[in-house]
Amino acid sequence: MKGIVLAGGKGSRLRPFTYSGAKQLVPIANTPVLHFPIRQLVEAGIREIALVVGETEAQVREAMGDGAAFGARFVYVRQEAPLGIAHGVLVCREFVGEEPFVLYLGDNVLMGGVAGFVERFARSGADGAVILREVGDPRAFGVARMAGERLVEVVEKPAVPPSNLAVIGVYAFRPVVFEVIAGLRPSARGELEIADAINGLLARGCRIEVEVTPQEWIDTGKMEDILAANRLLLGALERRIAPGARVVGSAIAGAVVIEEGAVVEGCEVVGPAVVGRGARLVGSRIGPNVAVGDECLVVNSRLEEAIVMARSEVVDCPGIVRSMLGRYVRVEGAPAGARLTLGDHSRVEPGP
């Protein structure tokens, strides 16, 4: 079985971070989002994986490499324009060949992995399978119309949802799906929709298995989603202080990870939290739910519910909360309670 991970798209809902970077490389708990679907596919025994890329191909290639670091082999497939999820599948037709495959959207985080889903699909003989999850407001998703335990239709962003079961971005198919996609017409938004591909399979009499997951799942499309995913993943951490980290005169409470080369001096760190490689924290209170990236500097500041990406500096800030700071950002003197959304290379400094 092979894997397809969609790693293109412009990520307009995640601006300003996606002005200068791929949305799938935005870090949560100091790990790029794209790592999670890749790791889960490998854990499920899938080693040959196509990464579907677009305008940010160079960044994704540089960050992900050839797959060896993940125990996989990557093939990069270019999608020249964002023409829909089903189109992203279609451009991988040659890569897939006659094998079944798992499709995983590269900006999704599903806790618990997909190994069981993959194994059940392989045994089932079905032509497709989807993971569903109950959601509070299904109107923003593809929604399953069910007849008992049988999938009848997927309705895209319905005004009146037929159920509260959302399609969450993990699918499995056999190659018959390519014939269906090749015959699709673009939707009103100019895309080949994966919902239409599933409905096309159903119209042919193909069997589509469904699995309703109880696991936490987040589509990391907006900043609020990224912060929610950060809380979720930090909550799964176990306390670890690397041998090469240095903690001096500091109080460390709860599930805190301090990576190699980091220095924590005169601080209070309240888990869950992670401090990246080579970061330096001085006289500050960090946490809960904070990820400080590699080689960051935090001095005389307080951070809570925040992501600070690599090589950024926070100085003399008494309370930054529910914030995302990009790479190479400098924030000095922000007031208590500040909520900041700053793209790469931004600066916030006291006025004259």
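The values are calculated or read from the model by the stated rules, or taken from the named source; none is laboratory data. The structure presented is a predicted model; accordingly, all values stated were derived computationally and were not measured. All Cβ positions, glycine included, derive from the backbone under ideal geometry; neighbour counts span all protein chains shown.
Tabulated values for the structure
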| read-out | value |
| --- | --- |
| Unique residue being within 21 Å of T220 (Cβ to Cβ) and either assigned to a strand (DSSP E or B) or in the same structural domain as V212 (by TED's automatic domain parsing) (or both) when the list is A166, A159 | A166 |
| Sole residue being farther than 25 Å from G319 by Cα and at pLDDT 95 or above, chosen from D294, D219, D196 | D196 |
| Qualifying residue in the stretch 275-284 (condition: among the polar types (S, T, N, Q) and closer than 15 Å to A236 by Cβ) | no |
| Residues within the stretch 161-183 that are surrounded by fewer than 19 Cβ atoms within 10 Å (Cβ to Cβ) and either more than 26 Å from A44 (Cα to Cα) or charged (D, E, K, R) (or both), tallied | 6 |
| Strands (runs of 3 or more DSSP E) completely within the stretch 58-149 that count 3 or more residues being within 22 Å of the chain's Cα centre (by Cα) and in contact (Cβ under 8 Å) with a residue 60 or more places away in the chain | 101-105, 108-110, 128-134 |
| Matching strands (runs of 3 or more DSSP E) fully within the stretch 185-301 where at least 1 residues are assigned by TED's automatic domain parsing to the domain that holds F173 and either surrounded by 19 or more Cβ atoms within 10 Å (Cβ to Cβ) or in contact with a Lys or Arg (Cβ under 8 Å, 6 or more places away or on another chain) (or both) | 208-212, 217-219 |
